[in-house]
1. Please give the FRET efficiency for ASP83 paired with LYS59, using the beta carbon to beta carbon distance and R0 = 25 Å, rounded to the nearest 0.05.
2. Rolling a 1.4 Å sphere over the protein heavy atoms, what is the accessible area per residue of the range 19-257, to the nearest Å²?
3. Provide, for q = 0.16, 0.26 Å⁻¹, the log10 of I(q)/I(0) from a solvent-free Debye sum over equal Cα point scatterers in the range 77-155.
4. Once the piece of chain linking ASP52 and SER219 is laid out straight, how much longer is it, given 0.36 nm per residue of separation minus the C-alpha distance between them?
5. Collect residues whose amide H, placed 1.01 Å from N in the peptide plane, falls under 5 Å from the amide H of ALA68; neighbours closer than 5 in sequence don't count.
6. What is the P(r) of the range 19-257, as percent of Cα-Cα pairs per 5 Å bin from 0?
7. Who wins for biggest fluctuation among THR88, THR58, THR200 in a Gaussian network model of the chain, springs between alpha carbons below 10 Å?
8. Once label points are set 7 Å from the Cα along Cα→Cβ at both THR14 and ARG76, what is their separation, rounded to one decimal in nm?
Amino acid sequence: MQDKTDRKAPSPHTYDGKVVFIAGASSGINLSIGQAFARAGAKVALISRSLDKITAATKTITDEGYEAIGMAADVRDYQAVEDALKLTASQFGKIDVVVSGAAGNFPAAALDMSANGFKTIIDIDLIGTFNVFRASFEFLSRPGASLIAISGQAPRPTMHQSHVCSAKAGVNMLTQCLAMEWGQAGVRVNAIAPGMIGDTEGMRRLAPSVAEDQANAGSIPLRAYGAKDDIADAALFLSSDSARYITGAILFVDGGLILGDSSTTARPGIG
Ligand code: COA
């Protein structure tokens, strides 16, 4: 599926000397965010639960000549996350940006899901985000740090996504509660809510066929999937000085998807 953005100029935001920690970074949106921060000058630390996958992901960044380290840590394991943050701070110094993006997903009706299936997604997405943010606080540049949760289309109920929608609704509320609590420390906490983003594991699971891709794209107001770079751009903006007065925001980067299915109300001849 063609995405909207045939890119493009380099990011206007620079991160020379900054340190960025990203959870769930072995592929997809989160790896693209890591690559974008590295290209903008940051040293990046990546975690995922598979050592092999995170080592390969880290290599894509070091092969371009940028500084990066990769560590195996499951976001459900608080101690493992804390150890990875500690190692990052000892190697690179204080952490300026934390992105919590580890997520699990499978399409399943509630009646086809066990209690453990539901809990697994809550554990990865919601409790994992709490673990990453809570454990990072001690290592953050304060004031000035930017925390970003990768959320989802949570305000909109979605068929066969009761587990994911519930987890992401929690992520949004956690983001806003932490923004309130940590604002006085100069720590901003925001979320990015991606819509349908091409070339990601999530979309491969949710829309495995070209026909499904086309039907999906036809319902999005901007009539196309987004690109991983669209999410990376938002992360670089939200962590920059340009966003210094933004905290507690849930930034939808979704071509208008959250507004509803626009195919049913399209005006003939407009597009
Ligand atoms: N339908 C219904 N239940 C499912 C399921 C599916 N397609 N896939 C997993 N589950 C259930 C399992 O049956 C299990 O419940 P049970 O013990 O009652 O049988 C529970 O979820 C945990 O599964 P398990 O495979 O042991 O968990 P895990 O921690 O290894 O990984 C996922 C679970 C969801 C994270 C895994 O599918 C995964 O690796 N996904 C890739 C990451 C991804 O989806 N990325 C895109 C994010 S948008």
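The values are calculated or read from the model by the stated rules, or taken from the named source; none is laboratory data. None of these values were measured; they are calculated from a predicted model. When we count neighbours, we look across all protein chains shown, and the Cβ atoms used for this are built from the backbone with ideal geometry, even at glycine. Heads up: the accessible areas ignore ligands, DNA and RNA and are worked out on the full protein's heavy atoms, side chains in. Shrake-Rupley method; radii C 1.70, N 1.55, O 1.52, S 1.80 Å.
1. Here the calculated transfer efficiency is 0.70.
2. Normalised by residue count, the accessible surface of the range 19-257 is 42 Å².
3. Values returned for q = 0.16, 0.26 Å⁻¹ are -0.66, -1.24.
4. Once the chain is fully extended between ASP52 and SER219, it gains 56.4 nm.
5. VAL44
6. Whole-percent P(r) values from 0 Å outward: 1, 7, 15, 19, 21, 17, 11, 6, 2, 0.
7. Residue with maximal mean-square fluctuation among THR88, THR58, THR200: THR200.
8. Between THR14 and ARG76, the simple spin-label model gives 4.3 nm.
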